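The values are calculated or read from the model by the stated rules, or taken from the named source; none is laboratory data. Remember, it's a predicted structure, so these values are computed and weren't measured experimentally. Note: ideal-geometry Cβ built from the backbone for every residue, glycine included; neighbour counts use all protein chains shown. Ligands, DNA and RNA are stripped out before the accessible areas are found, and what is left, the full protein with its side chains, is counted by its heavy atoms. Shrake-Rupley method; radii C 1.70, N 1.55, O 1.52, S 1.80 Å.
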Amino acid sequence: IAGLTTLLVALAVAVFVYGMPAGKAVMSASQGAVYGLLPIGWIIITSVFLYKMTIKSGQFNIIRSSVLSLTEDRRLQALLVAFSFGAFLEGAAGFGAPVAISAALLVGLGFNPLYAAGICLIANTAPVAFGAVGIPIIAMEGPTGIAAMEISKMVGRQLPFLSAFIPLYLILIMTGWKRSLEVMPAILVSGLSFAITQYFSSNFLGPELPDILSALVSLFALAIFLKFWKPKTIFRFASEETAAAVEPLDDSVEVEKRYTKWQIFHAWSPFLLLTLFITIWGMNPIKPALSGHYEGDNMLLSGINEIGKLLTFQIEVPSLHNEIIGSNGLPIAAFFKIELLGAAGTAILLAAIVTKFIAHISTKVFFNTFAEAMKELAKPILMISSVVAFAYVTNASGMSTTLGMTL
């Protein structure tokens, strides 16, 4: 309701206040809605689909147990899942994946859904500047003329200060200052290991890997640290304490169950596959080949390039393409750009397909699970498309320019 209402208000302001022809306003909204569906909506659908498959196959119980085996403390679980694993997903998939998957993991561990989403959004502050495989940094090279490596270095000299602080801020929001002090050693290990790795990787390796490397170093550093250190008190939510006082936990045996290293690796494999495929999808010269823009002479990449061309569509937006004059006095191109093979969501879908065989999921369950994910996400995807459509209308009509010039 909020998304659709905002879009309608934006359309009304564009037409009646800014004098934008109604047809152009509607077409700019449609351009934004398509972008909201692909790539953003597609990433979220496939990410949630992959997560639901781990539940159907029983792998999520092992993932849950592997986290619980490190700690039952909700504060430390937030650091491990929302901060470290969320950053890992930000670097691997970007867009909605970090919050969609890490929040779902926290919900599976017993967190309130809305609370989990909020925590994951705050935790995502640390890695989000580098985004999926450094795309935000790399994208800035074109319009600014500054080398991506130089932008990466500058971000990597500022952001680590914030990254080191975010774990403390996260726990402060959850529990307050006194209970944050109880886990300060873990907070320092999590934040500093992340920040230091982020600095070195962004300054010496480039923008593609800071999130993934920082997240892995932070995750493993905290996991190893927790083998030797435990907080004096275990923090749980008030609702859990009340439930425990009324009735003992029935699943205590399940929580204490020990899995082999192979079982744990097997359970985490869908997310490792996700990272592998996303990393491949973001690599040069594979990335341009997937979109049909490869110009080399490698036979394999040339073959992929031909498929990429067939599955990439760039259609002029009717009555909008080259119909609006930009601030530089030149007409602005407007396309419906649809990359089916090159989309990050397609890489995640392939990870889900491989997971089907690894986890021995039947074809019927596979398709039923995908249908469930589509049904559950219908309204969220409509909201996302509405909000992106609203953004396109404000840009095309001149509202964004007005706000920018005013400020």
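For this structure, a couple of remarks:
- When residues in segment 16-38 are screened for being out of contact with any strand residue (DSSP E or B) (no Cβ under 7 Å at 6 or more places or on another chain) and open to solvent by less than 40 Å² (accessible area, probe 1.4 Å), 8 of them pass.
- Of all residues in segment 53-77, those satisfying the criterion of being open to solvent by less than 30 Å² (accessible area, probe 1.4 Å), under 24 Å from LEU377 (Cα atoms) and assigned to a helix (DSSP H, G or I) are MET53, THR54, GLN59, PHE60, ILE63.
- Whichever residue in segment 1-42 is aromatic (Phe, Trp, Tyr) and touching a helix residue (DSSP H, G or I) at 6+ places or on another chain (Cβ under 6 Å) and, among such residues, is farthest from GLU323 (Cα to Cα): TRP42
- Looking only at segment 120-131, and only at residues there that are touching a residue at least 24 places away in the same chain (Cβ under 8 Å) and open to solvent by 10 Å² or more (accessible area, probe 1.4 Å), the one that is farthest from SER214 (Cα to Cα): ILE122
- The listed residue being open to solvent by less than 40 Å² (accessible area, probe 1.4 Å) and modelled with pLDDT of 80 or more, out of GLY303, GLY282: GLY303
- Residue that is modelled with the highest pLDDT, among those in segment 97-118 that are among the β-branched types (Val, Ile, Thr) and open to solvent by 10 Å² or more (accessible area, probe 1.4 Å): VAL107
- Long-range neighbours under 8 Å by Cβ, at least six apart or interchain, first residue in contact (Cβ under 8 Å) with a residue 12 or more places away in the chain within segment 356-371, second assigned to a loop (DSSP other than H, G, I, E, B): ALA359/SER57; HIS360/SER57; ILE361/SER57; THR369/ILE361
- Of all the listed residues (HIS321, HIS266), the sole one being in a loop (DSSP other than H, G, I, E, B) and either of a type in the set (S, T, N, Q) or open to solvent by less than 80 Å² (accessible area, probe 1.4 Å) (or both) is HIS321.
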